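Values in this text are rule-based calculations from the coordinates and carry no lab data. Just so we're clear, the structure is a prediction, and the values are computed from it rather than from any experiment. Reconstructed Cβ throughout: ideal geometry from the backbone, glycine too, with neighbour counts over all protein chains shown.
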Amino acid sequence: MKQLYGVIGNPIGHSMSPDIHNAALQDKNINGQYFAFQVEPRHLKDAVNGIKALGICGVNVTVPHKVAIMEHLDEIHESAKVLGAVNTVKREGDRLIGYNTDGDGFYKSLVKVLDKPISELSILMIGAGGAARAIFTTIVRREPKQFDVCNRTPEKAESLIAAAPSFQQKRALTLKEAENQLEQYDVIIHTTSVGMYPKTDAVPLSLERAKTGAIVCDIVYNPIQTAFLKEAEKRGLTTLDGVGMFVEQAALSFKLWTEQEPDSSLMRAIVEGKLGGTQC
Ligand code: ATR
């Protein structure tokens, strides 16, 4: 029988998850299909019961259900517990287990461009939302030299860094403060929606003071080459685009469900083909 998978969110029409997962299923010769399900918040509980009743093997979970779905699941894996959010559900018999692969997905894409261990790196993150929390929590476990967070609303940066009480090398900053001290950082990670289609000219802050050789990451992937990454490239900095995180979090979900390692370069090529290096 065909193995069924999917993603639940609202809206969901522009999701590229079906494209990359269906390609990976085909590539691995798995008799399966991945669908996008638009689920209204008032139907979330019924949708979760539907996963069980219909025997769906696994789903990804996206905005706005990542937190709300938790109370409807049978078990929350540590990866999702520490973030308070689920992006992957796996069915095991009659039980639904919630995981989160966002932080590890970003980390997997980041290590590919690092030439030093995390312990030697000073990192700045821009933004303090859900994606930032996943990245902060995952990287802090690897004990970087310093990990500061700046945000438009500084109180949110404060509460984000407070979520890792045992890690001391951290500060919450305003965007201006971060911009003025940018030469301190080896890695700059942008996690807000600034620069996302259709407002593609916007940048979160100026890279004028960035250190030579710094790595600039943007988790926005539509467009792939954001204005922030363009500015970084113009200054000769190393860049990491958001397709890496999107593909790696998907690859980790795929592995949880199928116990097979998908070809992430195939998944990446599909995203690049769809976005065409620009926006859609
Ligand atoms: P996600 O789950 O995708 O991370 P989120 O939890 O809504 O989304 O978080 C959005 C982040 O983008 C926040 O850090 C937000 O800043 P505030 O905390 O000040 O709201 C940031 N953000 C969104 N739009 C922004 C803008 N125009 N300028 C600066 N930061 C912005």
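Quick rundown of the values:
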| quantity | calculated |
| --- | --- |
| Cross-link pairs Lys112/Lys234; Lys176/Lys255; Lys116/Lys234; Lys28/Lys112; Lys211/Lys274 - those with Cα-Cα distance over 29 Å | Lys176/Lys255; Lys211/Lys274 |
| Over the chain: helical MRE at 222 nm, DSSP H runs n ≥ 4 each giving -39500 (n - 2.57), nearest 500 | -10000 deg cm²/dmol |
| Distant-in-sequence amide H partners of Cys217 (H built 1.01 Å from N, under 5 Å) | Ile188, Ile189, His190, Leu240 |
| Spin-label pair Gln168/Glu78, simplified geometry with 7 Å Cα→Cβ offset, distance in nm | 2.4 |
| Local electrostatic count, Asn222, Cβ distance below 13 Å [Lys/Arg +1, Asp/Glu -1] | -1 |
| Around Pro11: net Lys/Arg minus Asp/Glu count, Cβ-Cβ under 15 Å | 0 |
| Residue order, fewest to most surrounding Cβ atoms within 10 angstrom, among Ile135, Ile8, Ile118 | Ile118, Ile8, Ile135 |
| Karplus 3J(HN,Hα) series, Hz, for region 59-73 with 6.51 cos²θ - 1.76 cosθ + 1.60 (x for Gly, Pro) | 9, 8, 10, 10, 3, x, 9, 4, 8, 4, 5, 4, 5, 9, 9 |
| Angle in degrees between helix 102-111 and the longest Cα principal axis of the chain, rounded to the nearest 10 | 50 |
| DSSP beta bridges in region 1-153 [antiparallel fraction, %, rounded to 5] | 30 |
| Arg209 long-range amide H proximity, modeled H, under 5 Å | none |
| Angle between the chain longest axis and helix 17-27 axis [Cα atoms, degrees, rounded to 10] | 70 |
| Extension gain (nm, one decimal) between Arg209 and Asn180, 0.36 nm per residue minus Cα-Cα | 9.7 nm |
| Longest exposed-site-free window of the chain, the sites being GluC sites (Glu not before Pro) in a DSSP loop that have at most 12 other C-beta atoms within 10 Å | 1-207 |
| Where trypsin sites (Lys or Arg not before Pro) fall in DSSP loop in region 37-138, at most 11 other Cβ within 10 Å | Lys112 |
